[in-house]
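Contents: one structure, followed by commentary.
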Amino acid sequence: MNKLTYKGYTARIDFDDRDNILVGRLLGIKDIVGFHADNVADLRVAFEESVDDYLEACAAIGKSPDKTVSGKLLLRLSPDIHAAAQIKAKSLGKSLNQWASETLSDAVMV
């Protein structure tokens, strides 16, 4: 995935073939914040400006900006998967939380 990160916010970048531009949107927040540009250098500037504008707009209206994530994750699993994960973690001498964090980290880091 093509992405940019600034001040803890991440944006997904796509190419709009119809308009021949790069288009970005902040990920992981409820508000919709988008931006675009004709080239990568201008896209980075537009991205950073959009994050700064978002934060300023939130401050101006007295709203807390959406945070991308809290670091807490609740999963709903079948009891069989939950038990298997617990056994796997214990067999490695780890807590379920530690094992799951490491496993998820390995899965998403490329």
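For the reader, a short list of remarks on this structure follows.
- Number of positions in the stretch 54-110 that are more than 23 Å from L26 (Cβ to Cβ) and of a type in the set (K, R): 4
- Tabulated pairs, the stretch 1-27, first exposed (fewer than 12 other Cβ atoms within 10 Å of the Cβ), second outside any loop (DSSP other than H, G, I, E, B) and of a type in the set (G, A, S), C-beta under 7 angstrom, 6+ apart or interchain: K3/A11
- The selection criterion, being free of Cβ contacts under 8 Å to residues at least 60 places away in the same chain, of a type in the set (S, T, N, Q), surrounded by 10 or more Cβ atoms within 10 Å (Cβ to Cβ) and out of contact with any Lys or Arg (no Cβ under 9 Å at 6 or more places or on another chain), holds for S101.
- Test set (1) of a type outside the set (G, A, S); (2) in contact with a helix residue (DSSP H, G or I) (Cβ under 6 Å, 6 or more places away or on another chain); (3) surrounded by 14 or more Cβ atoms within 10 Å (Cβ to Cβ) - D66 fails condition number: (2)
- Selection over the stretch 69-79 of residues that are farther than 19 Å from I32 by Cβ and either surrounded by 10 or more Cβ atoms within 10 Å (Cβ to Cβ) or modelled with pLDDT under 90 (or both) gives a count of 7.
The values are calculated or read from the model by the stated rules, or taken from the named source; none is laboratory data. Predicted, not measured: the structure shown is a model, and the values here were computed from it. Because the Cβ atoms are built from the backbone with ideal geometry, glycine has one as well, and the counts that use them run over all protein chains shown.
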